[in-house]
Amino acid sequence: MSKGKVAIIMGSQSDLKVMSEAANVLEELKLSYDLTIVSAHRTPERMFEFAKSAKSNGYHVIIAGAGGAAHLPGMVASLTTLPVIGVPVKSSNSIDGWDSVLSILQMPGGVPVATVALDGAKNAGILAAQIVANFDSEVDKALSEYKEQLKEKVMDSANTIEENGWKSKKVGF
């Protein structure tokens, strides 16, 4: 495992299906993480304590997922100097996810939250790894290999399509 450590937090257990994608990519990249529930609305004291002690607990990045009003990422960012990556989650009480996206995206000056796409926890995990890779060569190497695999997958798909004659049917290629 790497020296970097990531916290993955979410507002409720219903967010776990989405947020587990961040955990999966961190495991693939061999980056250590902790995952738990911290609700900004239902457990504000827990959220406050978590955010204030995150750095001393060894975290380097926090991934915070929330649906609906989605206050968790911004509130955590207001309490720590660590980078916070917000994952808007389309929840059952959501307005097509836009409420979550805008709640996380529209932070006031001085309290930045990096925001990924709706239900984009996988990208949050990759972004967290990219942050850690700046001081951890093992993670940097794992990310390079991961991105090379992405490239190979696309090239394999392109070759398969072109071998089946699709290239000649496309205009502009």
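The values are calculated or read from the model by the stated rules, or taken from the named source; none is laboratory data. Owing to the predicted nature of the structure, the values given are computational and were not obtained by experimental measurement. Because the Cβ atoms are built from the backbone with ideal geometry, glycine has one as well, and the counts that use them run over all protein chains shown.
Of note:
- Single condition Lys3 does not satisfy, out of (1) part of a helix (DSSP H, G or I); (2) of a type in the set (Lys, Arg); (3) modelled with pLDDT under 95: (1)
- Output for the stretch 101-132, where each listed residue is among the charged types (D, E, K, R) and touching a Pro at 6+ places or on another chain (Cβ under 9 Å): Asp119
- One residue alone among Gly97, Gly120, Gly125, Gly110 is modelled with pLDDT of 95 or more and on the phi > 0 side of the Ramachandran plot, and that residue is Gly110.
- Of all residues in the stretch 6-19 being touching a strand residue (DSSP E or B) at 6+ places or on another chain (Cβ under 8 Å) and more than 18 Å from Ala77 (Cβ to Cβ), the one that is surrounded by the fewest Cβ atoms within 10 Å (Cβ to Cβ): Gln13
- Residue check, Ser144 out of contact with any His (no Cβ under 7 Å at 6 or more places or on another chain) and either modelled with pLDDT under 95 or in a loop (DSSP other than H, G, I, E, B) (or both): no
- Filter result (assigned to a helix (DSSP H, G or I) and touching an Asp or Glu at 6+ places or on another chain (Cβ under 7 Å)) within the stretch 6-31: Val18
- Taking the criterion of being farther than 17 Å from Ala22 by Cβ and of a type in the set (Gly, Ala, Ser), the residues of the stretch 98-121 that qualify are Ser103, Gly109, Gly110.
- The stretch 32-108 holds helices (runs of 4 or more DSSP H) entirely within its bounds, and those carrying 2 or more residues that are crowded, with 22+ Cβ neighbours inside 10 Å and hydroxyl-bearing (Ser, Thr, Tyr) map to 98-105.
- Scope the stretch 149-173; condition at pLDDT 90 or above and either closer than 24 Å to Val25 by Cα or small (Gly, Ala, Ser) (or both); matching residues: Gln149, Leu150, Lys151, Glu152, Lys153, Val154, Met155, Asp156, Ser157, Ala158
- Hits in the stretch 102-132 (condition: without any contact (Cβ under 8 Å) to a residue 24 or more places away in the chain, closer than 17 Å to Val89 by Cβ and more than 13 Å from the chain's Cα centre (by Cα)): Leu102, Leu105, Gln106
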